[in-house]
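Asks: Can you read through this structure? Questions will come right after.
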Amino acid sequence: MADDVRELLLSTTADADPSTPLSAPDLRLLIDRLRIRSDRLYASALAFASSHRAPLASALLRAADSAASSASLESSLASALSPLSSSPDLSDLRSLSDRLLAARRELRERQEHLAVASSVADLAARLRAARASPDPLAAAAAAAELKPLLVDPEGSGSSQDEPVVFGLLRSEWEQLVDELQVMLAKNLEECVEFAPEGGKMVVRAAPRGNSSGTPGVELRVALQALEIIDAIDYGMAKLADLMIKHVLVPAISKISVAVSGEVLEKSGPEYPISILCVVPTEELQGYKDGSALYSRIIDVIKFVRENICGENITWMKSFSKLTWSRISDLVIKHFISKAVPHEASKLIEFQDVVRSTTEFENTLRNMMFISHDKRDGKLTQFVDDVEVHFAVRKRNEILVKARDLLVQYDYDNPLASHNREDSIVDLLCLPEKCFISKSALQLMKLVHGALKDACLSSTRVAKELCYAARDALLLYKAIVPVQLEKQLDSINQVAAIIHNDFYHLSQEILGLAFEYRADFPGDLQKLVLFVDLAPTFSQMADGVLTRQIQLVTANLIEAIDGADGFQNTHQPQHYESAKFSIEQKNYTLCGNQYCRDQFTREACLTSLDRSFLELQKICF
């Protein structure tokens, strides 16, 4: 402030010391200048107030109102707090609060009761209007609108706390729906008639009485009303049963029949009439792949879709849900189960049935008659399972036969059969013959039969048959050496025959792929192998031969050692020992010579057999 005052004197006291006291002339000058500035400020304020009079007046009025409101609030607060000053325990204030809450609760309850009464009156009026409506569509629409108001959507059934009147209204609504269902279902029966003798169905767009003025509902209107009240399945149930009995059973169970549909156009008040007939035909339509049968079923379904359901997907789905399972059972009973082959060579023909069945179900899916769910693919699943079950059963049959051949064959008497020549076979890779057991001969016939059937079968069945052939060969390797373990540990002809069996099987296995692979289904040609079994059987044959050589060598060494170097043979005791040793050696060599004649020449030329021959030369 002092600095502002001194600014007024800068023009006269510019060089004076700020701390120097002001003189009398300076004070008078200062007073004059202050008066001039004050007058100037007053004039400016007066001019601003004159130019902004209205806003200033409004601001002053709002300030006055605010002051009055504050005074009113102060008075109200004082009156409200007055009981506090006279009642220190606040009991009066608490009772006042309780009365206020009770009054508000009572008001709310009365409002709720009034709303409930209004709702009940409205529901009762709507139910009466629905009952009195001559239009089934209007009645059905009203019933559908009332359903969420009267029926518990969750089905909890907790209606103990609800008013009794709601229970009465619900009963009346249920009675209305039942009457609509019965009336509309009966109307459907009048629109769709079936001939008592079966095989004929007549569809009218409206009941006969409709043209003469009697009450009647058109077929399309009746189905729409049933759909609105969620009773389309109820209305379609009897119609589906009669369709199965009078139309689909004759169309599926009989071979020489044809399905024909006809629409008779009517003029005037008459509605058009559609007729579906299942009539005998002179042309014999054999099932074979089932295409004729499936074509008849599709014609029936198309007739229902066009003349009853009017291309409505919802109605067709309801009809499908009520009929498809029974249609599938009829097709399986009268066609597919009879088409299942009993021989593998016929399975390739069964693929036509699989193909036509798959096409049939795909056609029904395109028509929106069945869904893509696996549960609706009952026929396809059945034909696929038939093929699998046949393949597994055939594989088990082959393995059982192979096991019986190997277990029941008498290896101790291989020459008991009079057809000895059948057991002498040619070797595949060598220009010579060998003697094999009947079990090995029959086993290979079984393997060749399985592979021939595989060439004529589908990929899935052929795969099982090829695996059965492999397993049958492996059964020989697993059963025979264990079953004849004692014979293989001694020098006899059984060991020679087993050796020849293994050797012959190894040769045959090498030729299986070249003989059958080109005729296998395409997906199986690179998958099934047999050549990996050949080395195993060849090694088993070498093992049998090696064991026999070891036994002969051991017996000869034992016989030679028993002669005690053939010394002192002039003495009776040493003579007898030498004689017994020579007899034992001759018996061993003669017996081995008989067994060696049974071995193949290839086996006799092995290095182990060469050592045996050298030992024989030394002994003689």
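Asks: Set the bar at 24 Å for Cα to Cα. Now go through LYS302/LYS378; LYS346/LYS374; LYS200/LYS254; LYS445/LYS486; LYS245/LYS346 and name every pair that lies beyond it.
Replies: Pairs exceeding 24 Å: LYS346/LYS374; LYS445/LYS486; LYS245/LYS346.
Asks: Let me ask something additional. Just to be sure I understand the model, the point goes 7 Å from the Cα along the line to the Cβ. What's the resulting SER69 to ALA43 distance in nm?
Replies: Each label point lies 7 Å from its Cα, and together they span 4.2 nm.
Asks: Multiply the residue gap between LYS238 and LEU264 by 0.36 nm, knock off their C-alpha separation, and tell me the result in nm, one decimal place.
Replies: 6.9 nm
Asks: Mind jotting down the distance between the C-alpha centroids of region 34-57 and region 480-551, whole Å?
Replies: For region 480-551 versus region 34-57, the Cα centre distance is 130 Å.
Asks: Oh, and also: How high is the FRET efficiency between GLU311 and HIS334 when r is their beta carbon distance and R₀ equals 25 Å, given to the nearest 0.05?
Replies: 0.25
Asks: What dipole magnitude, in Debye to the nearest 20, does region 180-339 give about its Cα centre under +1 on Lys/Arg Cβ and -1 on Asp/Glu Cβ?
Replies: Here the size comes out at about 400 debye.
Asks: Follow-up question, since we're still on this one. What length, rounded to one decimal in nm, is gained on full extension from VAL182 through to LYS526, with 0.36 nm per residue of separation minus their alpha-carbon distance?
Replies: 117.3 nm
Asks: Here is a follow-up. Show the residues, 5+ positions off or on another chain, whose built amide H is closer than 5 Å to the amide H of SER437.
Replies: Sorted by chain and number, the residues that satisfy this are ASP501.
Asks: On a full-extension model of 0.36 nm per residue, what is the gain between ALA138 and VAL482, subtracting their alpha-carbon distance, rounded to one decimal in nm?
Replies: 115.2 nm
Coordinate-derived values only; no laboratory data. Every value quoted in this text rests on a predicted model; they were computed, and no experiment measured them. As a convention, Cβ positions derive from the backbone with ideal geometry for all residues, glycine included, and neighbour counts pool all protein chains shown.
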